[in-house]
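Each remark here refers to the structure printed beneath this line.
The values are calculated or read from the model by the stated rules, or taken from the named source; none is laboratory data. Note that this is a predicted model, so its numbers are computed, not measured. Neighbour counts are summed over all protein chains in view; Cβ atoms, including those assigned to glycine, are modelled from backbone coordinates with ideal geometry. Remember, those area values only see protein heavy atoms, side chains included, never the ligands or the DNA or RNA. Shrake-Rupley method; radii C 1.70, N 1.55, O 1.52, S 1.80 Å.
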Amino acid sequence: MVAVVIVAGFWRVGSEPTPIWQPRLGGVPSIASHLRTDLAAMTGRMDARTHLARFTREDGGGKFPIVTVSDLADRLRSTTKPDDPIFVFGFAGGGVLARSDRESASRFFWSRPIVVDFARGVPGYGPEGLLDDLRQRPPAVVVLQKNDWRLGEPNVPNSIEYFMANPALRQWLEAGYRLEDDNADFAVWRRQS
């Protein structure tokens, strides 16, 4: 009986969309395909952008749109100095910071604590705490993510919605920054000279 269960499991385990009569073989064909693709990327037979696109949702969006994150990180690396702080307000903030090798202008490098009002009213937290951070260490670039929290939680605003709906944050941004790029995933603001 145990052998039957093991064979049946091996026959159907895996994520490949196959008819019931075709084996999935424990996901081995899918693993082999992924290894071939990764090897092609590692040996230079596939460009990095094509490889990264494998990890992006079909509609191109999501909380962590890796191709757009990679493009943004490359752009920040080439248009800011290594010691320039930047501020990315959104789910993808940590990824952009890590890939661009830049430091956050705020300890709130992830927008989640702010948009869900974690510790609001406590000195140093909430939008007031964020604004204090940004005033103390003005970022060279401010990036606001457009489609992050609302994707899975309809009652939680996306990062850009929260930021721009807060009068103090919006006033600070518009007083010292100009909109440089407004694409499907991010709005990028650069500090005015």
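Scan around D181 for amide H atoms under 5 Å from its own, H built in the peptide plane at 1.01 Å from N, and keep only partners 5 or more places away or cross-chain.
Residues meeting the criterion, in which the H sits 1.01 Å from N, are V188.
Could you state the angle between the C-alpha long axis of helix 126-136 and the longest principal axis of the C-alpha atoms of the chain, as a value from 0 to 90 degrees rounded to the nearest 10?
Taking the Cα atoms of the chain, the angle to 126-136 is about 70 degrees.
Take region 149-193, drop everything but the C-alpha atoms, weight them equally and run the Debye formula without solvent; then report log10 I(q)/I(0) at 0.30 Å⁻¹ to two decimals.
-1.09
Taking H placed 1.01 Å from N in the peptide plane, check which residues at least 5 places from F89 or on another chain put their amide H under 5 Å from its amide H.
V143, L144, Q145
Add -39500 (n - 2.57) for each DSSP H run of 4 or more in the chain, then divide by its residues: what number comes out at 222 nm, to the nearest 500 deg cm²/dmol?
Details: 9 runs with 86 residues, N = 193.
Mean residue ellipticity at 222 nm (helix-derived): -13000 deg cm²/dmol.
So what are the ³J(HN,Hα) numbers for region 158-172, from phi and the Karplus equation (6.51, -1.76, 1.60; θ = phi - 60°), rounded to whole Hz, Gly and Pro as x?
5, 4, 5, 4, 4, 4, 6, 7, 8, x, 5, 5, 5, 4, 4
Could you tell me whether region 57-140 comes out rounded, prolate or oblate from its Cα gyration tensor? Rule is a ≥ b ≥ c as square roots of the eigenvalues, rounded for a/c under 1.5, then prolate if a/b exceeds b/c, otherwise oblate. Walk me through the numbers on the way to the answer.
Numbers: a/c = 3.46, a/b = 1.32, b/c = 2.61.
Oblate.
Ignoring ligands, DNA and RNA, what percent of the 1.4 Å accessible area of the chain is carbon and sulfur?
Working: 6570 of 10920 Å².
Whole-percent figure for carbon plus sulfur exposure: 60.
With axes computed from alpha carbons, what is the tilt in degrees of helix 2-12 against the longest principal axis of the chain, rounded to the nearest 10 within 0 to 90?
Rounded to the nearest ten degrees, it is 60.
For region 146-193, what is the relative contact order in percent, using Cα pairs closer than 8 Å and at least 6 residues apart in sequence? Can you show the working numbers first?
Values: 46 pairs, mean separation 13.7, N = 48.
Averaging sequence separation for qualifying contacts and normalising by length gives 28 percent for region 146-193.
Which value in nm describes the separation of the simple spin-label points at R107 and D84, placed 7 Å from the Cα toward the beta carbon?
2.6
Which peptide among 30-43, 167-180, 132-145 comes first, and what is the full order, when sorted by highest mean count of other Cβ atoms within 10 Å? Mind dumping the intermediate values first?
Details: 30-43: 12.0, 167-180: 14.0, 132-145: 19.5.
For the peptides 30-43, 167-180, 132-145, the packing ranking is 132-145, 167-180, 30-43.
Can you give the accessible area of F118 in Å² (nearest 10), computed on protein heavy atoms with a 1.4 Å probe?
Taking all protein chains as shown, F118 has close to 120 Å².
Round to the nearest 10 and give me the degree value, 0 to 90, for the angle of helix 66-79's Cα axis relative to the longest principal axis of the chain.
Its long axis makes an angle of about 40 degrees.
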